[in-house]
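The values are calculated or read from the model by the stated rules, or taken from the named source; none is laboratory data. The model shown is predicted, which means the values in this text are computed figures rather than measured ones. Reconstructed Cβ throughout: ideal geometry from the backbone, glycine too, with neighbour counts over all protein chains shown.
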Amino acid sequence: MSKLRYERPVIKKLETGMPNKFGSRMDYEPVTNIDGVAVSRLIREYGSPLFVLSERMIRASMKKAKRAFENRYPKVQFAWSYKTNYLNAVCRIFHQEGSWAEVVSGFEYDKAIGLGIDGRKIIFNGPDKSEEDLTKAILNDSLIHIDHLDELYTITELCDTLKKRPRVAIRVNMDTGVYPMWDRFGFNYENGQAWDAINKIMHTGKMDLVGLHCHIGTFMLSPNAYAVAATKLAELALALEQKFKHEIRYIDMGGGFASKNTLKGSYLPGSDTNPSFNDFAEAITTALINSNFQKDKLPLLILETGRALIDDAGFLLGTVISNKRSSTGRRNTIIDVGINILFTSFWYDHKITPAQSFTQYTEDTCVYGPLCMNIDVVRESTSLPLLNKGEHVVIHNVGAYNMTQWMQFIKFRPNVVLIDMDEKPHLIREKESINNLNDLEQVPPHLMTF
């Protein structure tokens, strides 16, 4: 017969209808499985820490987003944002769901081509497109979104060299009422930069100006800002048609939709307060439909949504290393998940849940990672039950950016598993080893002995 674990008693004063000094009541439910696969089994087979992605949740989010926009607007096309999560398996899921590819670098472009994406269905964004990158994009008839005049001049020269007319759009930045403005990228609407770029493109006559693009910010909490942006792009397109008798084929509203994560400093959880796909869709499509486009000349609406489509489909499983008390008596729990693989912990208060049954006693806890640096804080303050060495936790909503911004620092990057529609786990990226670290290094001959 095993000895029962002792828990010291605690008395909490409760006040009916009001929070007590420990805060409002929090009811916990252990997350023991993901899509029917036990957390304990996943850690046993693939190690800890471990990223887990749910194919079912990815496809469900994609369908929900498409339904929100297609019910409100007749011509909609999504393009998967590769920088959000460019694991091959993830990209293929979105492409199977009908998404094009949206890339912001040469290697992402090569990745899309390598996955078999038709060059005509690749949108090339970003300020850093090399001459080699632009040449590939022009020859593949991809959509090139011009970010600055130097890029415009480079493309103009390549038109003469390659004897091809590239399909281009310009990125437009503008005042949408959200500050600080994202005016680092593209051409400004208010001060005439956008018109300057349009005039240069139209008068040279060497490119096909097929679209207008904007990306007004990240983790946007104001659907109305998108309504303002869509209205200004519609006005620009209509003025262009009037001046040059030239029709814009698409308006690309970029991405930036907030997921259900909770930003640090928020009073209420993001799952309760952040806008939904329906909120964003209503704002954008209403602005376009209410503009002066003729019914048969509505442009294609392109959306480059990333974070909101995959954040909630990602989980990070970890294991408790130890518990400590700080000098002030506060409880500190150390887990094997560090900020090197959970970059988003810098701006989100990620939900953390136990992965097994637990005591009902809870305490304000700071959750630290395993790295030898004081800023390795996964969650500064959260009410958690007592977790013992070797027990497991699940960190929620980690599908966006963590697998593209992660670092090899002190700890190797872990395995990534995808659970398919039939509740079967698949290893989609292997954990790193010492060989990955050493293979790219070279040692000068005079340092070979010591």
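Does Ile144 satisfy being surrounded by 20 or more Cβ atoms within 10 Å (Cβ to Cβ), over 29 Å from Gln294 (Cα atoms) and in contact with a helix residue (DSSP H, G or I) (Cβ under 7 Å, 6 or more places away or on another chain)? Talk me through it step by step, then tell me what you get.
Numbers: surrounded by 20 or more Cβ atoms within 10 Å (Cβ to Cβ): yes; over 29 Å from Gln294 (Cα atoms): no; in contact with a helix residue (DSSP H, G or I) (Cβ under 7 Å, 6 or more places away or on another chain): yes.
Against the criterion (surrounded by 20 or more Cβ atoms within 10 Å (Cβ to Cβ), over 29 Å from Gln294 (Cα atoms) and in contact with a helix residue (DSSP H, G or I) (Cβ under 7 Å, 6 or more places away or on another chain)), Ile144 does not qualify.
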(request) Kindly indicate whether any position in region 320-335 is closer than 30 Å to Arg59 by Cα and not in a helix (DSSP H, G or I). (result) no
(request) Would you check if Ala101 is of a type outside the set (Ser, Thr, Tyr), touching a Phe, Trp or Tyr at 6+ places or on another chain (Cβ under 7 Å), surrounded by 24 or more Cβ atoms within 10 Å (Cβ to Cβ) and in a helix (DSSP H, G or I)? (result) no
(message) Is it the case, given these coordinates, that Leu134 is over 25 Å from Ala234 (Cβ atoms), part of a helix (DSSP H, G or I), free of Cβ contacts under 8 Å to residues at least 40 places away in the same chain and in contact with a Phe, Trp or Tyr (Cβ under 9 Å, 6 or more places away or on another chain)?
(response) yes
(message) Tell me whether region 286-296 contains one or more residues that are within 30 Å of Ile352 (Cβ to Cβ), surrounded by fewer than 24 Cβ atoms within 10 Å (Cβ to Cβ) and without any contact (Cβ under 8 Å) to a residue 40 or more places away in the chain.
(response) no
(message) With the requirement that a residue be within 20 Å of the chain's Cα centre (by Cα), under 24 Å from Arg249 (Cβ atoms) and either surrounded by fewer than 22 Cβ atoms within 10 Å (Cβ to Cβ) or touching a residue at least 60 places away in the same chain (Cβ under 8 Å) (or both), what does region 195-224 give you?
(response) His213, His215
(request) Hey, can you tell me all the residues within region 123-134 that are of a type outside the set (A, V, I, L, M) and buried (at least 18 other Cβ atoms within 10 Å of the Cβ)? (result) Phe124, Asn125, Gly126, Lys129, Asp133
(message) Checking the structure you have, find out if any residue of region 182-194 is touching a Leu at 6+ places or on another chain (Cβ under 8 Å) and touching a residue at least 24 places away in the same chain (Cβ under 8 Å).
(response) yes
(request) Would you point out which residue out of Arg120, Arg165, Arg184, Arg171 is under 19 Å from Arg249 (Cα atoms), surrounded by fewer than 18 Cβ atoms within 10 Å (Cβ to Cβ) and in the same structural domain as Lys232 (by TED's automatic domain parsing)? (result) Arg165
(request) Just give me the residues in region 159-182 being out of contact with any helix residue (DSSP H, G or I) (no Cβ under 6 Å at 6 or more places or on another chain), more than 18 Å from Val210 (Cα to Cα) and among the hydrophobic types (A, V, I, L, M, F, W, C), in sequence order. (result) Met181, Trp182
(request) Assess whether Glu363 counts as being in the same structural domain as Ser326 (by TED's automatic domain parsing) and at pLDDT 95 or above. (result) no
(message) Give all pairs with beta carbons closer than 9 Å in which a residue from region 241-265 that is in contact (Cβ under 8 Å) with a residue 12 or more places away in the chain and in a strand (DSSP E or B) meets a residue that is surrounded by fewer than 17 Cβ atoms within 10 Å (Cβ to Cβ) and among the basic types (Lys, Arg); count only pairs at least 6 apart in sequence or on separate chains.
(response) Tyr250/Lys75
(message) Return the residues of region 359-382 that are without any contact (Cβ under 8 Å) to a residue 40 or more places away in the chain and in a loop (DSSP other than H, G, I, E, B); say none if nothing qualifies.
(response) Gln360, Gly369, Cys372, Met373, Asn374, Ile375, Asp376
(request) Looking at (1) of a type in the set (Lys, Arg); (2) over 23 Å from Glu102 (Cα atoms); (3) under 22 Å from the mean Cα position of the chain (by Cα), find the lone condition where Arg184 falls short. (result) (2)
